[in-house]
Amino acid sequence: MTAPTVSPVSLTAVDGPGQPVVTPELEDLYRGFEKELLVPLWTEIGDLMPPHPRSKAQPHLWEWTKLLELAGRAGNLVPVGRGGERRAIALANPSLGGKPYASPTLWAAIQYLMPGEDAPEHRHTQNAFRFVVEGEGVWTVVEGDGIPMRRGDFLPQAGWNWHAHHNAASAPMAWIDGLDIPFQYEVESQFFDFGRDEISEAEHATPDRSRSQRLWGYPGIAPVSAIGSTAGSPLLSYRWENTDRALADQLLLEKEGFGGTVEPGHAAIRFTNPTNGADVLPTIRTQFHRIARGVETAPVQTTGSSVYQVFDGAGRVTVGQFSWSVCRGDMFVVPSWQPLSIVSEASGSDSDSGALDLFEFNDAPLFEKLNLYRTHTLTAGDPS
Ligand code: 1HN
């Protein structure tokens, strides 16, 4: 290895509080630091030690109609197969240099599979999940277990499990993927294996209930033979009918005077691992919110980032200095410590209750494990 001819270290002497007097000797000292690849703390402290998180990421909204239209065009032009592995199109945060990262820790993508298509089997250390905002007909096959994917279903996919997908229906289907790729890329923990090019005929079967659901799909009941046997959640699909009823019941219980919501008119559930009540994935927390018509949530700021997808209804979302009208399928990112507030607004034509339903995923398990998790609800007296 030869030494770089141009040093990547670049130091500018400036006048300012806590800074040394700018003299030719100081400039010469700084050139010496640059040559030896050294950086003094006194020129960096403001950036390295901010008073609170200042995310490199920016709040941003991706509209579902645009995502779906482009994914559909990719469906006609781009084959799925070994090598590219998935027809997945990632959301790139506008201030992360064009990288396929929604936030510094989270990957979010729309994935699209044409009728009869198979996405080949592989496994990786990255933790992943799928969430379905519309459509049905794709089965994800995890360790040979075929799991149906339908509107509202949430499917966690802990790292290092073999998985493939196939579309058994006569129409294309889209869904979203969330993974911890940016985090694992930064900490250099990634492994990847190709599996079989084709899954077996038996694995193309479309059972209504997966093996995982038959073993783990009963509330509060665990199979004695398998307790403690898996790292991530052994329940491979969390079905919409349960999520919907849990949210509806929270709002009803609140109306009946028994509480249950996180704040008035705001029901929230977390998808948990039935073996221990922890998050379904070691690095990603997944939750679902139902905000009753006309309700505005209190602005909350949290360390770590989150991505939301509107599941149903319409509303207005404010993240820091950004504010958007949102409707079904739209996705937005909330960077670290940016206050988030949501108003549920009736969409007019909806025959339902007019509530706003949102799916959320975030990196809170990482922050909690590292003792870096903080959350704060802003009140009128807080500085803006
Ligand atoms: C992956 O395996 C899937 O299995 C989706 O559906 C997105 C993005 C990067 C790397 C692997 C999937 C992915 C991915």
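For region 53-75, does any single residue satisfy the condition of being more than 18 Å from D177 (Cβ to Cβ), of a type in the set (D, E) and at pLDDT below 95? No, that holds for no residue. Considering region 71-90 alone, what residues qualify as being away from the ligand (no atom under 16 Å from the Cβ) and either open to solvent by 90 Å² or more (accessible area, probe 1.4 Å) or within 18 Å of the chain's Cα centre (by Cα) (or both)? If the condition is that a residue be away from the ligand (no atom under 16 Å from the Cβ) and either open to solvent by 90 Å² or more (accessible area, probe 1.4 Å) or within 18 Å of the chain's Cα centre (by Cα) (or both), then R73, N76, L77 are the ones that fit.
Is it the case that region 166-187 has a residue that's touching a residue at least 12 places away in the same chain (Cβ under 8 Å), open to solvent by 60 Å² or more (accessible area, probe 1.4 Å) and within 18 Å of the chain's Cα centre (by Cα)? Yes: one or more hits.
Let's see how each residue does on (1) without any contact (Cβ under 8 Å) to a residue 40 or more places away in the chain; (2) closer than 25 Å to W139 by Cα:
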| site | (1), (2) |
| --- | --- |
| P207 | no, yes |
| V224 | yes, no |
| S237 | no, yes |
| W240 | no, yes |
| T243 | no, yes |
| Q250 | no, no |
| G257 | yes, no |
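Can we say W324 is at positive phi and either open to solvent by 20 Å² or more (accessible area, probe 1.4 Å) or at pLDDT 95 or above (or both)? Considered against the rule, which asks whether it is at positive phi and either open to solvent by 20 Å² or more (accessible area, probe 1.4 Å) or at pLDDT 95 or above (or both), W324 comes out as no.
Entry remark, region 170-218: residues being small (G, A, S), in contact with an Asp or Glu (Cβ under 7 Å, 6 or more places away or on another chain) and away from the ligand (no atom under 14 Å from the Cβ) number 2 in total.
The condition of being farther than 27 Å from H124 by Cα and exposed (fewer than 12 other Cβ atoms within 10 Å of the Cβ) holds for L48.
Note on region 91-122: residues that are within 13 Å of the ligand (Cβ to nearest atom), hydrophobic (A, V, I, L, M, F, W, C) and in contact with a helix residue (DSSP H, G or I) (Cβ under 9 Å, 6 or more places away or on another chain) amount to 6.
The set of residues from region 100-119 being surrounded by fewer than 18 Cβ atoms within 10 Å (Cβ to Cβ) and closer than 21 Å to E63 by Cβ comprises just one member, P100. Inclusion of R270 among residues that are under 20 Å from the mean Cα position of the chain (by Cα), surrounded by 14 or more Cβ atoms within 10 Å (Cβ to Cβ) and without any contact (Cβ under 8 Å) to a residue 24 or more places away in the chain is warranted. F129: more than 12 Å from the ligand (Cβ to nearest atom), open to solvent by less than 10 Å² (accessible area, probe 1.4 Å), touching a strand residue (DSSP E or B) at 6+ places or on another chain (Cβ under 8 Å) and of a type in the set (F, W, Y), yes or no? In short, no.
The values are calculated or read from the model by the stated rules, or taken from the named source; none is laboratory data. Just so it is clear, the model here is predicted, and its values are computed rather than measured. With ideal geometry, Cβ positions are generated from the backbone for all residues, glycine too; neighbour counts draw on all protein chains shown. Heavy atoms of the whole protein, side chains included, go into the accessibility calculation; ligands, DNA and RNA do not. Shrake-Rupley method; radii C 1.70, N 1.55, O 1.52, S 1.80 Å.
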